[in-house]
Structures are given as structure tokens and as C-alpha cells.
Amino acid sequence: MLLSGATGFIGRALGPALEAAGHEVRAGTRRPEGYSGAGSPVGLDVLDGASVAAAMADCDAAFYLVHSMESHNFAARDREAATIFARAAAADGVRVVYLGGLGDAGSAGSTSEHLGSRHEVGQILRDGCDGVELRAAIVVGAGSTGFEILRQLVDRLPVMVCPRWVTTRCQPIGLDDVVRYLCAGPCLPAGVYEIGGADVLTYEQMMRRYATLTGHRRLILKVPVLSPSLSSHWIGLVTDQPPSVARPLAEGLSVEVVVTDDRIRGLVPFEPLGFDEAMRRALGPA
């Protein structure tokens, strides 16, 4: 198994799980000399076709877990990288498993370049090779961008003046459940699958539940107008996320991200975690 993005949030959790399942893991990273995680490190630059082909040689499956959000032209870079990856996979007959984003990028009159790019990458991979795309909303785990924004807002702001997107519905999923679905990905029929946790909540409900679990008392005030630009500045000021990441994420917060097709539950049968339990696991021992 080739694991691209081996040093990322999902990759660091998926590598050990693949090894525990008996798979030989190649950990793709641009700096293999400094890698210390699961699997055998291999040099991988997804924008370099020769690098991708060499890393993928003789693999049965490859996990595509890379995303260029910190680049101002992330959509173009992701488009190019996905095309290169799909071409190499098709040449070697390798199954590709991709973790994308849940939701309709153009829903309710709102647009999200970030989500649209995630969907475009999935389409490129499916069109170009034997691909499985798993679509998820916020992944609840320490190090997840979405979860870290939520927890830092609650931790740092006793009073939050929030835009209307806090009433948007979301179906968060625990990191352990995402890993479980990804491990099953190489054996699933090709196509798109939506994955989610046990609870559908608004962002406000998630923040209140986190506050309760961590013993915070927080006042949340909703205002009718707060543009994506202002929201991104707010997120950037209060959290550790740079503006280049905060802006595309803020644009997508008005998009409902709820599972509408749960076919995968019949193919990978287990009971997903609820939000509170996923948070407890993310936060670790008290």
C-alpha cells in the first residue's frame, strides 16, 4: 500500500492501522530521510510524475491524502497533482482510495472553492484510474483543521459573536471511524461513498458540547451578517490557522455537510461513534 500524505493528520493514524491489518506500507513523503512513522519511507512529490511512478511501482493500492490548502492557487495545484497520480495509477493498475469532502459545493446559493476543488480531485481520480472516493465532513481528532478551529474558538473566547453559519448542519466523524473506512477502501466497489458519525449537529451545538465536555461556560451570540472574508479574519485572529487556510474553510461553512447516501454502512458494517465520544478520544486522558 502506498500512503501519500503519510506525515499528515490522517496519514499518521492510517499507517499504523494498515500495518496492523497485515499490509506492507510505503510511506510517501517529500522528506523520507526524516520520517519516523509507520511503514517504509519513500520519496514522493505528487507534482513530479517520475516520483509518483517510482513510489507506486508494484503496489496494490494507493491512498491519496494530499491537499494544497496553504497555497493561494491550491485548486490548480491539486488538479495537476491528481492528474499525475491518476495517470501513474492507471499505468500500473493500482486502486486509489481518496478522502474527499462531504457536501454540495454550490448548495443554497453558496459557493466553496475548497469543497469544489475536493470534488474535482475525486472526479479526476475516478475518471483516470480505478478509484474509491470517501467523502467526510469535519474529522474529530487532535490535529484535524476543522476540529482544532472549533476547540480553539471555544477555548479562547468566553463570548463569541458568530455569523449565521453556526446554524449550518454538519455530520462530524471520529478519526477512528475514518481510518476504519479507509482501511476497507481497497476492497470496495469503485465509486463515491459518504461517511459520517452518529450525530448530525449544527456548528453551534458542536461548540456548546465541546464547552460542556471541557468545563467551559461560553456565550454564543449570532449576528445576521458576517461575510466569509470577515469570518476568515476572525478565525485567523483567534486560532492558529493562517489566512490562506482560514479563507477557503470559512467560505464552506455555510454549506450543509450531512450524509445523504449511506450505502457504505451495508458494505462496512459497524456503529460509528457519536460526537461526544469522538471528542473524548481526541482530547485523550483527562
Note on the range 93-117: residues at pLDDT below 95 and charged (D, E, K, R) are 104, 113
For residues that are touching an Asp or Glu at 6+ places or on another chain (Cβ under 8 Å) and outside any helix (DSSP H, G or I), scanning just the range 227-260, find the one that is modelled with the lowest pLDDT.
-> 242
Return yes when residue 27 is small (Gly, Ala, Ser), in contact (Cβ under 8 Å) with a residue 24 or more places away in the chain, surrounded by 17 or more Cβ atoms within 10 Å (Cβ to Cβ) and not in a strand (DSSP E or B) and no when it is not.
-> no
Show the residue pairs that are 6+ apart or on different chains and have beta-carbon atoms under 7 Å apart, the first residue being within the range 113-124 and under 14 Å from residue 87 (Cα atoms), the second being crowded, with 18+ Cβ neighbours inside 10 Å and among the acidic types (Asp, Glu).
-> 121/78; 122/133
Scan of the range 192-218 for residues that are in a loop (DSSP other than H, G, I, E, B) and more than 18 Å from the chain's Cα centre (by Cα), ordered by number | 215, 216, 217, 218
Here is a list of conditions, (1) assigned to a helix (DSSP H, G or I); (2) in contact (Cβ under 8 Å) with a residue 12 or more places away in the chain, and residue 76 meets all of them except one; can you say which number that is?
-> (2)
Tally of residues being closer than 20 Å to residue 139 by Cβ and not in a strand (DSSP E or B) across the range 30-68 | 6
State which residue is surrounded by the fewest Cβ atoms within 10 Å (Cβ to Cβ) when the search covers only the range 204-226 and only residues that are modelled with pLDDT under 80 and within 17 Å of residue 158 (Cα to Cα).
-> 223
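Results for (1) crowded, with 22+ Cβ neighbours inside 10 Å; (2) at pLDDT below 90; (3) β-branched (Val, Ile, Thr); (4) in a helix (DSSP H, G or I), shown as yes or no for each residue.
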site	(1), (2), (3), (4)
127	no, no, no, yes
133	yes, no, no, no
142	no, no, no, no
161	no, yes, yes, no
176	no, no, no, yes
179	no, no, yes, yes
183	no, no, no, yes
186	no, no, no, yes
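The values are calculated or read from the model by the stated rules, or taken from the named source; none is laboratory data. For clarity, every value in this text was computed on a predicted model and none was experimentally measured. Note: ideal-geometry Cβ built from the backbone for every residue, glycine included; neighbour counts use all protein chains shown.
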